[in-house]
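So the structure is just underneath, and the comments pick up after that.
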């Protein structure tokens, strides 16, 4: 194709270069937020965002030791840290998580040492492991405060319990329950029922209590084949939680002991010979197993 000088030259369309994607900063969930009065000698629950008269359901105590000696005391496993007079709105959850909290009371006396003057900010790690920023709007016998309590992000670790196999004639089934303790009670982190072949249980534990549990409980029940005359066995193990979670292997011979009985019999049996075998298994609690077997020892041609 020939382009004449009189033909208009059309510009090549240029597509705009997209701006790079910017990360979206998600605001953490808020458990409670508000402004109110914390009266002298009263407690405050930053989880519910309310003053409390119950010393077992609170995070701090606005303690009045005398007419002039006052202090903010943490309660029930909560802890505190004085940030000082700073921009309240510029304090985020990430800042609160990095503070060196302490259970030492914050002195806030009428005279001399007062670390909670007007506009000061202090942080609270609540009894359930959440983080709160608190500003003193007006210092007095009754404190005028505002606060925000953030929902702490919950992290998880994996749990893996491996059950070894047993002889088919020995075990009918395994029943396994894995649990751990939290402030809200016992939580399951894996359950399962398996045959003699064994199997793998997988689950997770969380740090909703403020930290991961130091261990989990693995409860294993074993049902034996009827021909073994063995009673059902139940054992509980407590494997530790590591930085990577829990990886526990249960081998049946941890709790099942095999005993070989060797009999020195005469080479040529008589027609009237027979074999009677009895034994007992004892432990610290006494006899746990009693078994006998009788059979005729016959001459063979």
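The values are calculated or read from the model by the stated rules, or taken from the named source; none is laboratory data. A quick note: this is a predicted structure, and the numbers were derived from the prediction, not measured. Ideal geometry is used to build each Cβ from the backbone, glycine not excepted, and the neighbour counts take in all protein chains shown.
For the structure I just gave you, tell me whether residue 77 is surrounded by 14 or more Cβ atoms within 10 Å (Cβ to Cβ) and under 21 Å from residue 148 (Cβ atoms). Give the derivation first.
Working: surrounded by 14 or more Cβ atoms within 10 Å (Cβ to Cβ): yes; under 21 Å from residue 148 (Cβ atoms): yes.
When the stated conditions are applied, residue 77 passes them.
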Sole exception among (1) within 26 Å of the chain's Cα centre (by Cα); (2) buried (at least 20 other Cβ atoms within 10 Å of the Cβ); (3) assigned to a strand (DSSP E or B) for residue 213, by number: (3)
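Residue-by-condition table, conditions (1) in the same structural domain as residue 244 (by TED's automatic domain parsing); (2) touching a residue at least 24 places away in the same chain (Cβ under 8 Å); (3) over 18 Å from residue 33 (Cβ atoms):
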| residue | (1), (2), (3) |
| --- | --- |
| 101 | no, yes, yes |
| 111 | no, yes, yes |
| 116 | no, yes, yes |
| 121 | no, yes, no |
| 124 | no, yes, no |
| 134 | no, yes, no |
| 138 | no, no, yes |
| 160 | yes, yes, yes |
| 166 | yes, yes, yes |
